[in-house]
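Notes for the one structure printed next.
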Amino acid sequence: MVLLTPRSKRNPKISLCLGFLLSLFLFGCSDPPLPPEAGEAEKMAFALWKAEASHFAPEEYRSFETTLQAIREDLIRERSRFPWFQEYEPIAQRLRSLLKQGEEILKKVEERKEAKRLETASRLRELEGRIQGLERWSFHLNEGRLARRSLTKASLTLKEAGFALDRGKFDEAASRIAAAQRHLASAEETLLPILNRFSDRRLLRRWKSWADEAVSESRDRGNVAIVVDKLARRLVLYKEGRSYKTFGIGIGRNGLADKLRAGDGATPEGLYRVIKKLPSSRYHKALLLNYPNEEDRREFQRLKKLGRLPKGVGIGGLIEIHGGGKDGMTYGCVSLEDRQMDELFHLVPVGTPVAIVGTVFSGAAIPLPGEKQSDD
């Protein structure tokens, strides 16, 4: 028979010892809290993702993510140990180092974003300037009508790029800029070959020599001479070597190019003479010029031999200074308002020298499109 010891008669020292062991067991089995740096590191990872660190600092971001993943795994292993043996301080130190690394990456990302923003904004301004410059010329050139559609598309697409840049969407902005450049290139393909002619020093000197020769004859012989400036859209009548009257003009639909063949819509360039006066023509009154002259024929034959002209085309002819209005596009002639053609017709005899040039200006002196020309 087993005799139980009454509660009151138990040894108090034994009870105290058992209580201590029980509390030690209960509290010692509770996991210690994770270091607060672990939560801060997760917040930093989210901040880096949101800041697009993978795009602006890819290598640094990969290093951060690799380190953070290794720490996560170490935290899991440490958590699985018996609570008495869990030690988080070494991991906390690594987390603090990682947080510092994350702050440096964020700073680098912001710096690179700002550099990208400035670079993109600069590119936008450059393209806007090119578009605006070509737009001004396009309204001054007959040929510009072919380029204006592309310029309008380029301008609208560039505005979309600006909106994307304002939102920090750099890839979208870059895509829109590339599209705008394609539209701009199409317009430049039409306009630049024409505009480049007016920065060709050889051509500028040739044009000036033709104009000077016509004016010199007017001065030496005391008669009249005509200088047609295609770029400035004006015809200047000289009398005894001095400017006497200026008229606004229209030229061919491809008038700023040099005429090479029949049907090209270009207004010829060279030194010509009035060979016939037509008091009644399809376009009011007209002064017929001796195009093609000998120089035109030599150039035509040279280009044919080089294969630069379509087979079967002719050199063309019937180039006139006529009425019909200066705002229309001719097939290569020079047109004036009927009232002004009446005045010019009265002042100009057969044999009058006529210099048709790209421009009598040179370099920076070329007038900007839209500058007002005299119609007096």
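The values are calculated or read from the model by the stated rules, or taken from the named source; none is laboratory data. Small disclaimer: the values here were computed from a predicted structure and weren't measured. For neighbour counting, all protein chains shown are included, and Cβ atoms are generated from backbone atoms with ideal geometry for every residue, glycine included.
With respect to Trp137, determine if the residue is among the aromatic types (Phe, Trp, Tyr), surrounded by 17 or more Cβ atoms within 10 Å (Cβ to Cβ) and not assigned by TED's automatic domain parsing to the domain that holds Leu256. When the stated conditions are applied, Trp137 passes them.
Scanning segment 342-362 finds no residues that are over 27 Å from Asp212 (Cα atoms), surrounded by 14 or more Cβ atoms within 10 Å (Cβ to Cβ) and in the same structural domain as Asn254 (by TED's automatic domain parsing). Scanning segment 75-119 for residues that are loosely packed, with under 12 Cβ neighbours inside 10 Å, of a type in the set (Ser, Thr, Tyr) and in contact with a helix residue (DSSP H, G or I) (Cβ under 8 Å, 6 or more places away or on another chain) yields no hits at all. Pairing residues of segment 35-51 that are surrounded by 12 or more Cβ atoms within 10 Å (Cβ to Cβ) with residues that are in a loop (DSSP other than H, G, I, E, B), at Cβ distances under 7 Å and at least 6 apart in sequence or on separate chains, gives Pro35/Tyr88. Taken over segment 235-252, the residue count meeting the criterion of being surrounded by fewer than 19 Cβ atoms within 10 Å (Cβ to Cβ) and not small (Gly, Ala, Ser) is 6. Just checking, how many residues over segment 257-303 are of a type in the set (A, V, I, L, M, F, W, C), within 14 Å of Gly317 (Cβ to Cβ) and part of a loop (DSSP other than H, G, I, E, B)? Here the count works out to 3.
Within segment 336-348, none of the residues are on the phi > 0 side of the Ramachandran plot, modelled with pLDDT of 85 or more, in contact with a strand residue (DSSP E or B) (Cβ under 9 Å, 6 or more places away or on another chain) and assigned to a loop (DSSP other than H, G, I, E, B).
Let's see how each residue does on (1) closer than 30 Å to Ser122 by Cβ; (2) in a loop (DSSP other than H, G, I, E, B); (3) aliphatic (A, V, I, L, M):
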{"site": "Arg176", "(1), (2), (3)": "yes, no, no"}
{"site": "Leu192", "(1), (2), (3)": "yes, no, yes"}
{"site": "Asn196", "(1), (2), (3)": "yes, no, no"}
{"site": "Val215", "(1), (2), (3)": "no, no, yes"}
{"site": "Asn254", "(1), (2), (3)": "no, yes, no"}
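I'd like to know if segment 310-319 contains one or more residues that are of a type in the set (A, V, I, L, M), surrounded by 14 or more Cβ atoms within 10 Å (Cβ to Cβ), in the same structural domain as Arg253 (by TED's automatic domain parsing) and in contact with a strand residue (DSSP E or B) (Cβ under 9 Å, 6 or more places away or on another chain). Yes, the conditions are met somewhere in segment 310-319.
A search for C-beta distances below 9 Å between a residue of segment 174-194 that is under 27 Å from Lys113 (Cα atoms) and not assigned by TED's automatic domain parsing to the domain that holds Leu256 and any residue that is aromatic (Phe, Trp, Tyr) and in a helix (DSSP H, G or I), counting only pairs 6+ apart in sequence or on different chains, returns Arg176/Phe163. Here is the figure for segment 327-350: residues that are closer than 20 Å to Pro279 by Cβ and under 40 Å from the mean Cα position of the chain (by Cα) total 6.
Among the candidates Lys50, Lys13, single out the residue that is modelled with pLDDT of 85 or more and either at positive phi or among the charged types (D, E, K, R) (or both).
Values: Lys13 fails: modelled with pLDDT of 85 or more.
Just a single option satisfies the conditions, and that option is Lys50.
Kindly indicate whether Gln93 is of a type in the set (S, T, N, Q) and under 53 Å from the mean Cα position of the chain (by Cα). Criteria met by Gln93.
For segment 58-87, what are the residues that are in contact (Cβ under 8 Å) with a residue 24 or more places away in the chain and basic (Lys, Arg)? Arg79, the sole residue that qualifies.
As a summary of the residue check, Phe20 satisfies the conditions (1) farther than 24 Å from Gly168 by Cβ; (2) at pLDDT 90 or above; (3) of a type in the set (Phe, Trp, Tyr) except for the one numbered (2). Ala211 meets all of the listed conditions (1) in contact with a strand residue (DSSP E or B) (Cβ under 8 Å, 6 or more places away or on another chain); (2) of a type in the set (A, V, I, L, M); (3) not in a helix (DSSP H, G or I) but one, namely (3).
When Glu213 is tested against (1) surrounded by 18 or more Cβ atoms within 10 Å (Cβ to Cβ); (2) at pLDDT 95 or above; (3) of a type outside the set (Ser, Thr, Tyr), just one condition goes unmet, and that condition is (1). The conditions of being within 30 Å of Leu68 (Cβ to Cβ), of a type in the set (A, V, I, L, M, F, W, C) and modelled with pLDDT of 90 or more are met by Leu99.
Taking segment 304-335 as the region of interest, how many residues are closer than 14 Å to Gly250 by Cβ, out of contact with any Leu (no Cβ under 7 Å at 6 or more places or on another chain) and in a loop (DSSP other than H, G, I, E, B)? Reasoning before the result, please.
Initial filter on segment 304-335 (closer than 14 Å to Gly250 by Cβ): 319-335.
Filter once more, keeping what is out of contact with any Leu (no Cβ under 7 Å at 6 or more places or on another chain): 322, 324-325, 327-333, 335.
Right, trim to in a loop (DSSP other than H, G, I, E, B) and you get 324-325, 327-329, 331-333.
Total satisfying the criteria: 8.
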